[in-house]
Amino acid sequence: MIIFSKDQFNEIREHCIKVLPNEACGLLAGTIDNSNNKIIQKVYLLRNIDESPEHFSMDIKEQFKVIADIRRNEWSLIGNFHSHPKTPSRPSEEDIRLAFDPNLSYAILSLADKEEIIFNSFIIKDNIVSKEKLIVMGG
Ligand SMILES: [Zn+2]
């Protein structure tokens, strides 16, 4: 299970809307409790250097800064998020191909339906996608 606060979810949603028509991306840091629940402590909004509505690449310098901050706070890198401006909240073939770490969560926020923004998180292992339970506290 992956758990976001309402503020964290709002931060992601607003960032994804702000960078439209392009995809947005970022990293998720948190802690893992005894029941293996991933509790997000901080959302890092990163620049999509592709500036594309269909792809994203994170700025490597920004990523290094984030990793240093995560270490400083003794958190773990839980995963990443990106937006799908016009497609559903599930990994594209490219997303699956580029998912190199089966321990990370891959969260995708879909803006395809502006009335109903969908946010899901996935684990991708050996090209097999499984959805993980995602909770927005107080959301
Ligand atoms: Zn994608």
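The values are calculated or read from the model by the stated rules, or taken from the named source; none is laboratory data. In this text the structure is predicted, and so the values were computed from the model without any measurement. Note that we place each Cβ from the backbone using ideal geometry, even for glycine, and neighbour counts take in every protein chain shown. Note: accessible area is taken over every heavy atom of the protein model, side chains too, but ligands, DNA and RNA are not part of it. Shrake-Rupley method; radii C 1.70, N 1.55, O 1.52, S 1.80 Å.
Computed over the chain, relative contact order equals 26 percent, with contacts defined as Cα pairs under 8 Å that lie 6+ residues apart. The length gained on full extension between M137 and F64, counted as 0.36 nm times the residue separation minus their Cα-Cα distance, comes to 23.4 nm.
Roll a 1.4 angstrom probe over the protein heavy atoms and tell me the percent of accessible area of the chain that is carbon or sulfur. Walk me through the intermediate numbers first.
Working: 4080 of 8140 Å².
Heavy-atom surface of the chain belonging to carbon and sulfur, 1.4 Å probe: 50 percent.
Taken over the alpha carbons of the chain as equal point scatterers, the Debye sum produces base-10 log I(q)/I(0) values at 0.14, 0.15, 0.16 Å⁻¹ of -0.59, -0.69, -0.79.
A 1.4 Å probe run over the protein chains yields, for the chain, 59 Å² of accessible area per residue, whole-number rounding. Taking amide hydrogens as placed 1.01 Å from N in the peptide plane, the amide H of E54 sits under 5 Å from those of E23, each at least 5 positions away in sequence or on another chain. Each Lys and Arg Cβ is given +1 and each Asp and Glu Cβ -1; about its Cα centre, the chain then shows a dipole of about 320 debye. Placing pseudo-labels 7 Å out from each Cα toward the beta carbon at S92 and I32 gives an inter-label distance of 2.9 nm. Annotation: lysines with alpha-carbon distance below 23 angstrom to K18 (same-chain offsets under eight excluded): K6, K42, K61, K65, K86, K114. Across the stretch 98-110, rounded Karplus estimates of 3J(HN,Hα) from the backbone phi angles (6.51 cos²θ - 1.76 cosθ + 1.60, θ = phi - 60°) give 8, 7, 8, 10, x, 8, 8, 8, 10, 9, 10, 9, 9 Hz, Gly and Pro being marked x.
Can you tell me how the stretch 88-139 classifies by the Cα gyration tensor, rounded, prolate or oblate, using a/c under 1.5 as the rounded cut?
Working: a/c = 3.12, a/b = 1.50, b/c = 2.07.
It comes out oblate by the Cα gyration axes.
Dividing the alpha-carbon radius of gyration of the stretch 1-64 by the rule-of-thumb value 2.2 N^0.38 Å gives 1.23. Under 5 Å from the amide H of G79 lie the amide H atoms of L28, S105, each residue being 5 or more positions distant or on a separate chain, with H modelled from the backbone and absent for Pro and chain starts. With both residues required to sit in the chain, DSSP beta bridges show an antiparallel share near 70%.
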